[in-house]
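Nothing in this text is a laboratory measurement; each read-out follows from the coordinates by a stated rule. Computed from a prediction, not measured in an experiment: that's the story for all the values here. Virtual Cβ from ideal backbone geometry, glycine too; neighbours counted across all protein chains shown.
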2 protein chains.
Amino acid sequence: MAPSAVESVSHLPVTVKGASSDGFLDVKLAASAQDDLVLKTFRCLIADLCEQFKGGHPGSAMGMAAIGVALWKYVMKYSPENPSYFNRDRFVLSNGHTCLFQYTFHHLVGYKNMTFDQLKSYHSSRTDSFCPGHPEIEHEGIEVTTGPLGQGVANAVGLAMATKHLAATYNKPGFDVVNNTTWCMIGDACLQEGVALEAISLAGHWKLNNLVLIYDNNQITCDGSVDLCNTEDVNAKMAASGWNVIDVMDGNYDIEGIVRALLTAKNNKDKPTFINIRTLIGIGSKSAGDAKAHGAAFGAEDVANIKRKFGRDPEQHFSVSDEVYDYFREAKPRGREIESEWNQLVLKYGKEYPELAKEFALRVEGNLTDDFMKYIPKKEDLPTTPTASRKSSGLICNPLAQNLKNFMVGTADLSPSVNMIWKDKVDFQNPDLKTACGINGDYSGRYIHWGIREHAMASISNGLAAFNKGTILPVTSSFFMFYIYAAPGIRMGALQGLQQIHVATHDSIGTGEDGPTHQPIALASLYRAMPNLLYIRPADSEETAGAYIAAMKAKNTPSLISLSRQNLEQYPQYSSREGVQKGAYVFIEEADADVTLIGVGAEMVFAVQTASLLASKYGMKARVVSFPCQRLFEAQPIEYKRDVLQYRSKAPRVVIEAYAVNGWERYADAGISMHSFGHSLPGKAAYKYFGFDAEVIAPKIEALVQDVRKEGIECLRGEFRDLNFKH
Amino acid sequence: MAPSAVESVSHLPVTVKGASSDGFLDVKLAASAQDDLVLKTFRCLIADLCEQFKGGHPGSAMGMAAIGVALWKYVMKYSPENPSYFNRDRFVLSNGHTCLFQYTFHHLVGYKNMTFDQLKSYHSSRTDSFCPGHPEIEHEGIEVTTGPLGQGVANAVGLAMATKHLAATYNKPGFDVVNNTTWCMIGDACLQEGVALEAISLAGHWKLNNLVLIYDNNQITCDGSVDLCNTEDVNAKMAASGWNVIDVMDGNYDIEGIVRALLTAKNNKDKPTFINIRTLIGIGSKSAGDAKAHGAAFGAEDVANIKRKFGRDPEQHFSVSDEVYDYFREAKPRGREIESEWNQLVLKYGKEYPELAKEFALRVEGNLTDDFMKYIPKKEDLPTTPTASRKSSGLICNPLAQNLKNFMVGTADLSPSVNMIWKDKVDFQNPDLKTACGINGDYSGRYIHWGIREHAMASISNGLAAFNKGTILPVTSSFFMFYIYAAPGIRMGALQGLQQIHVATHDSIGTGEDGPTHQPIALASLYRAMPNLLYIRPADSEETAGAYIAAMKAKNTPSLISLSRQNLEQYPQYSSREGVQKGAYVFIEEADADVTLIGVGAEMVFAVQTASLLASKYGMKARVVSFPCQRLFEAQPIEYKRDVLQYRSKAPRVVIEAYAVNGWERYADAGISMHSFGHSLPGKAAYKYFGFDAEVIAPKIEALVQDVRKEGIECLRGEFRDLNFKH
């Protein structure tokens, strides 16, 4: 518990030449006149790029210029001609609004797509621009999409975890096939957002010594001085969180000081490192050091001033001399060399460790899980007596996790509730912890204790998934309600097309006694509306198998599987894993039905019971449709949709689900749903309290059918009936 | 920036008697035999209460018993017979699952509703229970509803801010009409959640010396030892965040030590205080110190063991002797005395400061804003040329904030963008900061710089609103997209019925260049589905006025007003503030229309332009409905709804909104909407890219109308048409 020493790099006996343990840094620091030219060119170029369309974020990018030179010229391991070379260093721009910083260095070091023409498309109307307002993963050399502040820190933690995990799994003495560093650039804002604070705590706990946070400490945010809302001792806080801390006092010009700090961090063995670098936002501008420099162009006059201040021609725009390109000339050959050395190492590794190398190759290709179907239990092996779908989930997910080494499964401190533990699972932990407190784990472990940090869980998982497509499949778990904390991260996973499985248990009011704070009502509406996300709510074990199959097949899409706390009836005679993959399917068919009941997830039981009661008590014929996933259903051909929902029939369709009904109006004419928050009662009593009870539902549906018989089905068009709404 | 000293209470020269500056603590500590009896009784009772229905959270409540005695017997200022006495101390149970802790002390000190019978209703099927699974604000003596971890810390920060603010506004020398302390109980989890970490940082910044975090440090969460996921130096981290830190080593029995720590904290002048108290979860049980003690009953055998261990009869259940009640006998008379002293003080204050006292009385009653309408600009005073609705919002909100003293308005670091600053606004700040760095503010200030902490902004605002109904009206602001970070807090505000206004600017893809990370697509679906929340999207300045009027009238409901970044056409000839309050209304009427276009918020322009184009180019008649708020519309009589939407007409209804369409299917047959995340382009170009362009929309609607003419309106029933969906 002793706080770490706060070290100032100036006291460290580090010399730049040869300081890098892998011999990578073999260039001397450029002469300072050259440095100076590059910094000036870079800063004027940023000002010009924002000025052309009168917008963008120039200030921090200008302030960070020397950091960029240190990274791209001296320290980072990357290959401009093959930006996705596997063992490259990962760079995350958590302060994503400074994207011009990254785009411009990519241009200068020779990334193929980042032509000058492209660079100038920043903030233009070009729909084929590679320079969006924040970095986006689909573009060359961008590791993760950033912009929502704080999340980049968590992404970087995930990238660094991936390295640690792969290294522990595949490296052998003399064969460090994975040993890259993750560099994450942050601004003042990232240190305020809770998601970053959660992730920082975890990185310190895990002692991720391959992770470096580079703090662009300009003490300015949109509102003005950071002192307006943050006066904490950030270095002491980082040290208390288990990080090494290095100060750099002149981040504007002291490239050598920054390089020394970066290398000290890279070579550090015991902890992640936080480098606190003082910079001046909008350096050179008359708004320098002011919030005005943050998110607006400077105006033509000030841009001219900036150029004069830096001794450049104010009439020359977008000016980059050959000397500047020449300064970065070594980037490409060095990249080729690094990559070629790595390829040779992997070749030798293959001869020395053929089995391991074969598996490693599958991981690099991202194809490890192609045979996942053989681990999914067959229908006949699933339970037939009432079973909570969180238990069914364990029966299906645990064999997958046990056998597929790319599964990294974690929970936000709900191991006893979510059933994600497989036999002989090993925790992902810093191995030294084992000695200290007897915890069984090391970096090769694939079970993650996230703690009570749902947002970091989702956002770090984005980093794990983004390390390399398919190399790691992150599986998260928590109560469904607390995926509202994780929502910003889940969204970024969907936006980036990262395959992940989010296992959300205790859905709906059936979760019971914990009460309204724990009973999700509106959250499913968010996840059903979210592009590129599969929200799947299976009704029994067979449907849970279907949900996992759909999630495994969705290689560019995260899935959220929504499960019950309580035991659910099993319907082996009706339920179908194939049906789940179509989003909805006929559960119980009935010719010339009076009504179609749509049953969803844990509330399927009410649909089936109501159908039965309608027949026995009211002589009415009800068919039942199971509807676990709206997005999968939307992808079906219109003919299939019409078959399942009988759009053209004269019988009404009623959805039964203990959520807000929003969105179901597309498929149903009426609903038994929730119109308020829940209530603290045992699950069965909670259902009854809100009218989820076949004895209560059946007469309402009978009345609806009678109305339709009288007035015709047209009476329901545009007048969705909330059958259990109480004003 | 120097870290605070970490003080151990054992080194402090504090004596209990007379240590309290307001003379409140005038009882001696009870004899230790009595203490012992109470602790044993309490612990066995908790075990019994969980055992009766085989569920609940016994372990931490048992571990915290001595803390409870210190609080309710010795330190807290409260009145059992009038739990809502204005100047009471506020107590927040952030680890809300330990609710039996609070319920049981409420019972012991004599809260009227908390009878023994009620206490035993914990986890029962009684629908009239006052003992839900987590504390709920509607019940006697509960200040805020807790359960979602970490948020209670933020609520407590809000409650403490409210005290500071009211004290700075109304207290006079000799007249401390508001001087209560806020006590917040937390477990290990609350220190991991990002929202708490954000709030902790703010409380340290604001030097809220009236706030005390009491850390039940039992080092156990659901997964096991906290070491599994958290090994930071929490005391050092709190000190670095600007908090005093006090350690209590024996939290299980050392009531005197706890009292001394609490009083030291209460009397502390400069900072909030963090008291780190070591306890044993499930003390007395065979699961003591183990995660098993957290969230399950112990089983009959262990409950008997516990009783034996504590020297009690294992056959006796729910046993509380008269001696135990007697131990707390002073709570009621002391409460009466405190309240009566305060009433007398306020009376004298009224004589000394009649004007101020009158205003103070309005604050206490929560009726300060009843005359708000006089500050809302008239239609004729609103802009008629294109204006961003975030600007319109400023025109309406700023006079309200300037004149209504219960407005506390803040922003998550977007002052230059959200237009929430009024003339001569004063920041809410620690006044010492002014001296230190020239920032203009003190505790009487009503403008809050939240920093980049959206979740804390919303959750602290819940605390501000919960201080006393109507006393403070919190107004938050940020970009709409980042209300996804705030969603857990917004939800808890809606669940608790707390009036608040959330001002969300930069909605829809119109926000432009910042790209898909900043363009909300699915988020409105969440807020429209969320019970007891008004999500209002006004189309122009007049509608923005209507949105504020609706929000001001909704005294038990938070509102989220969703506004554009970009300039919007103004429609004084069509738009209506009264219409907004009905949720939807006819914008442009047209007899025998071929189609009804539903325009929403910033996309109204496309509805109006399309209607015009349909007339001029296709000879079709389109009526336009403006639809700013679904929940307000749902509250209208069916006749009104039919009038507006013409449900029974043969003309289709088409909604035009640049969001996911989920939920609009209730009102529309077809939609022009978003089916993917957005794109980084200037606003106008982004709209065009996704087909929001009258020239593109009109022919699609023409085709739809032709279909309907051919096939009849029935063809659309249950087949919602996504008119701009691209697979």
>> Using a 10 Å cut-off around each Cβ of peptide B:483-495, what is the average number of partner chain Cβ atoms that fall inside?
In response: 5
> For segment A:142-267, what is the convex hull volume of its Cα atoms per residue in Å³?
Replying inline: 125 Å³
> Please state the relative contact order of chain A as a whole percent: Cα pairs under 8 Å, 6+ residues apart?
Replying inline: 11 percent
> Given B:V580, B:W342, B:T231, which one lies farthest toward the positive end of the charge dipole of chain B, if we put +1 on the Cβ of every Lys and Arg and -1 on the Cβ of every Asp and Glu?
Replying inline: B:V580
> Taking θ as phi - 60°, what are the ³J(HN,Hα) couplings along segment B:646-662 by the Karplus curve (6.51, -1.76, 1.60), each to the nearest whole Hz, with x for Gly and Pro?
Replying inline: 6, 4, 8, 6, 8, 8, x, 10, 10, 8, 10, 8, 8, 10, 4, 7, 3
> Which value, in debye to the nearest 20, gives the size of the charge dipole of chain B about its Cα centre, when Lys and Arg are +1 and Asp and Glu are -1 at the Cβ?
Replying inline: 880 debye
> Expressed in nm², what is the orientationally averaged projection area of the convex hull enclosing the Cα positions of segment B:609-710?
Replying inline: 7.3 nm²
>> As I understand it, the dipole of the protein assembly as shown uses +1 on the Cβ of Lys and Arg and -1 on the Cβ of Asp and Glu, about the Cα centre. Which of A:I137, B:A203, A:Y527 lies farthest toward its positive end?
In response: A:Y527
>> If each label sits 7 angstrom from Cα along the C-beta direction, how far apart, in nm, is B:G110 from its counterparts in the other copies?
In response: 8.5
> Which lysines have a Cα lying under 17 Å from the Cα of A:K286, excluding residues fewer than 8 positions away in the same chain?
Replying inline: A:K40, A:K54, A:K307, A:K309
> Near B:N406, within a Cβ-to-Cβ distance under 13 Å, what is the net charge of the other residues, with Lys and Arg +1 and Asp and Glu -1?
Replying inline: +1
> Can you list the residues, at least 5 places off or on another chain, whose amide H is less than 5 Å from the amide H of A:V426, using H built in the peptide plane?
Replying inline: A:R446, A:Y447
> In chain B, what % of DSSP beta bridges are antiparallel (nearest 5)?
Replying inline: 10 percent
> Are there trypsin sites (Lys or Arg not before Pro) in segment A:401-445 that DSSP marks as loop and that have at most 12 other Cβ atoms within 10 Å, and which are they?
Replying inline: A:K423
> If the chain between B:K351 and B:V696 were fully stretched, how many nm would it gain, using 0.36 nm times the residue separation less the Cα-Cα distance?
Replying inline: 117.2 nm
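With both partners inside the protein assembly as shown, how many of the DSSP beta bridges are antiparallel, as a percent to the nearest 5?
Close to 10 percent.
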> Points 7 angstrom from Cα along the Cβ direction at B:E301 and A:K650: gap in nanometres?
Replying inline: 6.6 nm
> Would you list B:L45, B:L433, A:L560 from fewest to most Cβ contacts within 10 Å?
Replying inline: B:L433, B:L45, A:L560
>> Taking A:V696 in one copy and the same position in all the others, each labelled 7 Å out along Cα→Cβ, what are the pairwise distances from the first, in nm, shortest first?
In response: 4.7
>> Going by amide H atoms built from the backbone, whose H comes under 5 Å of the H on A:R90, apart from near neighbours?
In response: A:T181, A:T182, A:W183
> Using every alpha carbon pair in the protein assembly as shown, what percent of pairs falls into each 10 Å bin from 0 up to the bin containing the largest distance?
Replying inline: 1, 8, 16, 21, 21, 17, 10, 3, 0, 0
> Taking the Cα-to-Cβ direction at B:K112 and at B:S340 and moving 7 Å from each Cα, how far apart do the two end points lie in nm?
Replying inline: 1.8 nm
> With charges set only on the Cβ (+1 for Lys and Arg, -1 for Asp and Glu), what does the dipole of the protein assembly as shown come to about its Cα centre, in debye to the nearest 20?
Replying inline: 800 debye
> Can you give the mean number of other chain Cβ atoms that lie within 10 Å of the Cβ atoms in peptide B:445-456?
Replying inline: 6
> Can you give the three extents of the C-alpha atoms in segment B:207-257 along their principal axes, from longest to shortest, in whole Å?
Replying inline: 34, 28, 15
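Which entries in the list A:K237/A:K292; A:K650/B:K621; A:K164/B:K292; B:K164/B:K266; B:K271/B:K348 go over 21 Å, if you measure between the two C-alpha atoms of each?
Among A:K237/A:K292; A:K650/B:K621; A:K164/B:K292; B:K164/B:K266; B:K271/B:K348, the Cα-Cα distance tops 21 Å for A:K237/A:K292; A:K650/B:K621; A:K164/B:K292; B:K271/B:K348.
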> segment B:525-601 to segment A:327-395: how many Å between their Cα centroids?
Replying inline: 51 Å
> What dipole magnitude, in Debye to the nearest 20, does segment B:6-336 give about its Cα centre under +1 on Lys/Arg Cβ and -1 on Asp/Glu Cβ?
Replying inline: 740 debye
>> For B:K553, give me every one of the aspartates and glutamates with a C-alpha distance below 13 angstrom, ignoring sequence neighbours fewer than eight places off in its own chain.
In response: B:D370, B:D371, B:E578
> Assuming R0 = 35 Å, what is the FRET efficiency of B:D371 and A:H317, from their Cβ-Cβ distance, to the nearest 0.05?
Replying inline: 0.05
>> Name the chain B residue nearest the rotation axis between B and A, going by Cβ position, and give the distance in whole Å.
In response: B:G194, 1
> How many nanometers, to one decimal and shortest first, lie between the label point of A:R336 and those of its other copies, if labels sit 7 Å from Cα toward Cβ?
Replying inline: 9.4
> Using the Karplus equation 6.51 cos²θ - 1.76 cosθ + 1.60 (θ = phi - 60°), what ³J(HN,Hα) coupling, rounded to whole Hz, does each residue of segment A:711-723 give in order, writing x for Gly and Pro?
Replying inline: 9, x, 4, 4, 4, 8, 4, x, 10, 3, 9, 8, 6
>> I'd like the FRET efficiency for A:E330 and A:M249, computed as 1/(1 + (r/R0)^6) with the beta carbon distance as r and R0 of 30 Å, rounded to 0.05.
In response: 0.60
> Which of A:L149, A:S321, A:T182 sits closest to the plus end of the dipole of segment A:6-336, meaning its Cα is farthest towards the positive end, when Lys and Arg get +1 and Asp and Glu get -1 on the C-beta?
Replying inline: A:T182
> If you take the Cα Rg of segment B:372-568 and divide it by 2.2 N^0.38 Å, with N the number of residues, what do you get?
Replying inline: 0.97
> With r defined as the distance between the Cβ atoms of A:R308 and B:H675 and R0 fixed at 56 Å, what FRET efficiency is calculated, to the nearest 0.05?
Replying inline: 0.65
> Under a straight-distance cross-link criterion of Cα-Cα below 17 Å, which aspartates and glutamates are reachable from A:K351, leaving out those fewer than 8 residues away in the same chain?
Replying inline: A:D176, A:E341, A:E359
> Please identify the trypsin sites (Lys or Arg not before Pro) of segment B:36-136 that satisfy two criteria: DSSP loop assignment and at most 14 other Cβ atoms within 10 Å. Which are they?
Replying inline: B:K54, B:K112
>> Restricted to Cα positions, what overall size does chain B have along the principal axes? Three whole-Å values, descending.
In response: 92, 60, 46
> With a sphere of radius 9 Å drawn around the Cβ of B:C229, what net charge do the other residues whose Cβ falls strictly inside it have (Lys, Arg +1; Asp, Glu -1)?
Replying inline: -2
> For segment B:369-439, what is the convex hull volume of its Cα atoms per residue in Å³?
Replying inline: 111 Å³
